[in-house]
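The values are calculated or read from the model by the stated rules, or taken from the named source; none is laboratory data. Every value quoted in this text rests on a predicted model; they were computed, and no experiment measured them. Here the Cβ is made from the backbone with ideal geometry for all residues, glycine too, and neighbour counts use every protein chain on show. Side chains are part of the model used for accessible areas, which takes the heavy atoms of the whole protein and leaves out ligands, DNA and RNA. Shrake-Rupley method; radii C 1.70, N 1.55, O 1.52, S 1.80 Å.
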Amino acid sequence: MAALSVFLLAASAGIVFLLGIAHLLLTFRGSAMVPRDPDLVARMQGVSPFITDETSMWQAWLGFNASHGFGAILFGAVYGYLSLAHGEFLFRSPFLLSLGLLLLMGYVLLAKRYWFSRPLRAILVATSLYIAALLVAAV
């Protein structure tokens, strides 16, 4: 396992970690994640999803965004830590390497379909670094 592969994977994980932190902060601070239409916010606060009346669409919106941020933070922290502290273990685990790649590819698909250009570009960079790490490690 080359030091370059460790660096590339850690950089990939770092990007995802920072995206998760940013997403979590933007969910609870400021107005970045608030719809521009105040009437829509009011409707979201007053309507519950079919699955339950114990929450509103607004509370679910906040919760989904927060859990999405936590997931990105978890991925970045775990894969960053494993690459730097236990690189031999990580790079010898086809399961963990495949799982990480599948998650990143899933994020790329979601970003392309549902998000906007900035997170798509960041996820594409993170995925490219991850793939580069795998290629360098395979040589």
Checklist outcome for this item: Low-density loop chymotrypsin sites (Phe, Trp or Tyr not before Pro), region 74-139, at most 14 other Cβ within 10 Å, DSSP non-H/G/I/E/B, are Trp115, Phe116
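How big is the charge dipole of the chain about its Cα centre, in debye rounded to the nearest 20, if each Lys and Arg gets +1 on its Cβ and each Asp and Glu gets -1 on its Cβ?
Working: 8 positive and 5 negative charges, 78 e Å.
In total the dipole reaches around 380 debye.
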Checklist outcome for this item: Ranking Gly80, Ala66, Ala138 by how far each Cα lies towards the positive end of the charge dipole of region 6-139 (+1 on Lys and Arg Cβ, -1 on Asp and Glu Cβ), the top one is Ala138
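Under 8 Å for C-alpha pairs, at least 6 residues apart: give me the relative contact order for the chain, rounded to a whole percent.
Working: 150 pairs, mean separation 57.4, N = 139.
The value is 41 percent.
Determine the share of the chain's accessible area contributed by carbon and sulfur atoms, expressed in whole percent, with a 1.4 angstrom probe.
On the way: 6180 of 8860 Å².
C and S atoms contribute 70 percent here.
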Next on the checklist: Tell me the angle of helix 3-28 to the major Cα principal axis of the chain, expressed in degrees between 0 and 90 and rounded to the nearest ten.
Outcome noted: 10 degrees
Next on the checklist: I need the phi-derived Karplus couplings for region 107-114: 6.51 cos²θ - 1.76 cosθ + 1.60, θ = phi - 60°, integer Hz, Gly and Pro marked x.
Outcome noted: 4, 4, 4, 4, 4, 5, 8, 10
Checklist outcome for this item: Diffing region 66-72: the Karplus 3J(HN,Hα) column from phi (6.51, -1.76, 1.60, θ = phi - 60°), in whole Hz with x for Gly and Pro, holds 5, 5, 4, x, 4, x, 5
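Specify whether the C-alpha gyration tensor of region 36-100 places it in the rounded, prolate or oblate class, a ≥ b ≥ c being the square roots of the eigenvalues: rounded for a/c under 1.5, otherwise prolate if a/b is larger than b/c and oblate if not.
Prolate, since a/c reaches 1.5 and a/b exceeds b/c.
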Checklist outcome for this item: Quick note, region 76-139: a/c under 1.5 would make it rounded; otherwise a/b > b/c is prolate and the rest oblate (a ≥ b ≥ c, C-alpha gyration tensor); here it is prolate
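One quarter of the convex hull surface, Cα atoms only: what value does that give for region 16-125 in nm²? If you can, show how the numbers build up before the last one.
Working: hull surface 34.3 nm².
Projected over every direction and averaged, the Cα hull of region 16-125 covers 8.6 nm².
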